[in-house]
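A short write-up of the structure that comes next.
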Amino acid sequence: MNLLVCISKTPDTTSKISFKSDDTEYNSDGVSFIMNPYDEWYALVRALELTEQHGGNVTVLNVGPASNDIIIRKALAIGANDAVRVDLENADSYVTASNIASYAKTKSFDIIFLGKESIDYNGSEVGAMVAELLNLPYVSYASSLEVNGNISKVTREIEGGVEINEIEGPFVLSAAKGLAEQRIPNMKGIMMAKNKPLSVISPTDASQRIKAIKYILPNVKSGVKLIDPDNMDELVRLLHEEAKVI
Amino acid sequence: MAVLVYIESSKGKIKKTGFEVAYYGSKLATSLRTDCVALLIGKTEDPGSPGKYGVSKVFHVNADQDLEFDSQSYASIIAQISGDNNADTIILANTANGKAMTGRLAIKLEAGSVSGANSLPELNDDFVVSKSVYSGKAIVKYAIETPKKVISVMGNTIQPQIIGESIVPQNVTFPIASTTLKVLERKTTEGITPLPEAELVVSAGRGMKGPENWGIIEELASSLGATTACSRPVADSHWRPHHEHVGQTGVAIRPNLYIAAGISGAIQHLAGVNNSKVIVVINKDPEAPFFKAADYGVIGDLFEIVPKLTAAIKRFKQH
């Protein structure tokens, strides 16, 4: 099997968020970055499991600057065979998807994996865009995937339940919790990663279609109103009369 | 130019988020001084009802067919209808299916897209859409710089108001392109509002001590008609199914009321829930960080407080 896993770099989940340049840019000072958890824990690991079971190759792809190499090396340490980075500083979903699709067109991947969303922009759009650009089926929010020859069976999370899809031939998949279990790279993996191929390619011609013009921090609550634990009727009254939510 | 809304149904009934996008699209169309047209795909009850929320026309595609969702064929239908009606703004709900199509439609229509809009667009020199980013830790305003736009709207963004009347839908027949994807089966829980659509949510964490104690949470939820949720450690320990996990790496929600019992309020949990309109926190630890993000707090033993709250809600409901 020839599998592609697209990975992105996001701030660590514990990061406090702040902005600069008059609130038009994310302030990355002092922030530690990680591989987007959905890409690492679920998409990458399930792809590795499949090649361990059926044989094949896992390529990881990142669209970003040289400072992203650290997460690419981590993906190689976890077990990916080789890596590609499209050398690009800023990209919206469209530019990212165009670059993924333009690389994938030159190869023949059986399945293209992405995380269900990145934990920074939460767009969940890139997978659908890649699928459309390559004219492939797309299964989003996959929580299980079994492959048998040319047929893949995928469980997909929908509101209040799941849907089971069967796909013949290549497709794009976005990975959700349940698809696999997180793997921690071991020392051997980390050493081997240093010698695995990471090729850097030039971006394709695509321009951004949306622009962030302002970031805002959410409203801070004005302070908690404490309620006597023995007076739950009072809490219910406040929820009804003051908050008007019941 | 026109606004086109895609209205999703489930088991032949229009979803709550379907009426929300109908109203959202109508409001936007009014601001843009144009019409809002709606699109339904497959067998749907009461297909004219989006008219009540201000849409001026409903196209009902393959009204007599039970169709299974496939982002490839559905997006083709939406793109076709949008072209036929010169629609330049497409609105979808930010549901599993809506999200699977937002990016596809953006490519098909050469449109700029924003998924998860949390309010109506601001229309001045730019067309500006805001959404929650960094998993709820911030909000961004995006200017969409293309003539065509595709927007998916978060559930509970807008409370649909009845501003019109049911209309007679126009039936359209489309050959559904065959694809290499088949839906084999769909399994959904009956009678419970899914978390992303829920207005009331009761959630619990490690403070519950074990899955066998969840009865009091379920009773509180049922007294309110709320949906149950849980924190990540609870889902990771398999005390509750993982689709109940709300937070940064689970489901992001924005209910009107979020009640959290026995959840300390780690930053990753807050990220997924701090768009809730009102937050009630029940915790025995007065230093729990969640109290800082709460509107109402009760300090004490949840095993005593939760049943008392259930009883108080039942008394309230009887009046």
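The values are calculated or read from the model by the stated rules, or taken from the named source; none is laboratory data. What you are looking at is a predicted structure, and each value in this text was computed from that prediction instead of being measured. When we count neighbours, we look across all protein chains shown, and the Cβ atoms used for this are built from the backbone with ideal geometry, even at glycine.
Descriptive notes on the structure:
- Cross-chain or 6+ apart pairs with Cβ under 7 Å, segment B:129-146 first and of a type in the set (S, T, N, Q) and at pLDDT 95 or above, then in a strand (DSSP E or B) and surrounded by fewer than 19 Cβ atoms within 10 Å (Cβ to Cβ): none
- Just one residue in the set B:VAL246, B:VAL251 is within 25 Å of B:VAL153 (Cα to Cα) and more than 11 Å from chain A (Cβ to nearest Cβ); that residue is B:VAL246.
- Test result for B:THR179, under 17 Å from the mean Cα position of the chain (by Cα) and either over 26 Å from B:GLY48 (Cα atoms) or of a type in the set (Val, Ile, Thr) (or both): no
Okay, residues lined up against (1) of a type in the set (Val, Ile, Thr); (2) at the interface with chain B (Cβ under 8 Å from one of its Cβ atoms):
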position: A:ALA91; (1), (2): no, no
position: A:LYS116; (1), (2): no, no
position: A:ILE119; (1), (2): yes, yes
position: A:SER124; (1), (2): no, yes
position: A:GLU132; (1), (2): no, yes
position: A:TYR138; (1), (2): no, yes
position: A:ALA142; (1), (2): no, no
position: A:LYS153; (1), (2): no, yes
position: A:ILE158; (1), (2): yes, yes
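- Subset of segment B:2-48 (residues that are among the small types (Gly, Ala, Ser) and buried (at least 23 other Cβ atoms within 10 Å of the Cβ)): B:GLY18, B:ALA22, B:GLY25, B:SER26, B:ALA29, B:ALA38
- Residue-level check: of (1) touching a strand residue (DSSP E or B) at 6+ places or on another chain (Cβ under 6 Å); (2) within 11 Å of chain A (Cβ to nearest Cβ), B:VAL153 misses just (2).
- Boolean, A:SER207 is in contact (Cβ under 8 Å) with a residue 40 or more places away in the chain, more than 24 Å from B:VAL251 (Cβ to Cβ), at the interface with chain B (Cβ under 10 Å from one of its Cβ atoms) and part of a strand (DSSP E or B): no
- You will find that of B:GLY262, B:GLY272, B:GLY247, B:GLY225, the residue that is at positive phi, under 25 Å from the mean Cα position of the chain (by Cα) and buried (at least 23 other Cβ atoms within 10 Å of the Cβ) is B:GLY247 and no other.
- Residues that are part of a loop (DSSP other than H, G, I, E, B), under 14 Å from the mean Cα position of the chain (by Cα) and modelled with pLDDT of 95 or more within segment A:10-62 comprise just one, A:ASN36.
- Verdict on B:ILE158 being farther than 27 Å from A:THR24 by Cα, away from chain A (no Cβ under 11 Å) and either of a type outside the set (D, E, K, R) or out of contact with any strand residue (DSSP E or B) (no Cβ under 7 Å at 6 or more places or on another chain) (or both): no
- The single residue among B:VAL133, B:VAL168 that is buried (at least 20 other Cβ atoms within 10 Å of the Cβ), of a type outside the set (D, E, K, R) and assigned by TED's automatic domain parsing to the domain that holds B:VAL114 turns out to be B:VAL133.
- Candidates B:ASP88, B:ASP64: the one that is more than 22 Å from the chain's Cα centre (by Cα), in the same structural domain as B:PRO147 (by TED's automatic domain parsing) and part of a strand (DSSP E or B) is B:ASP88.
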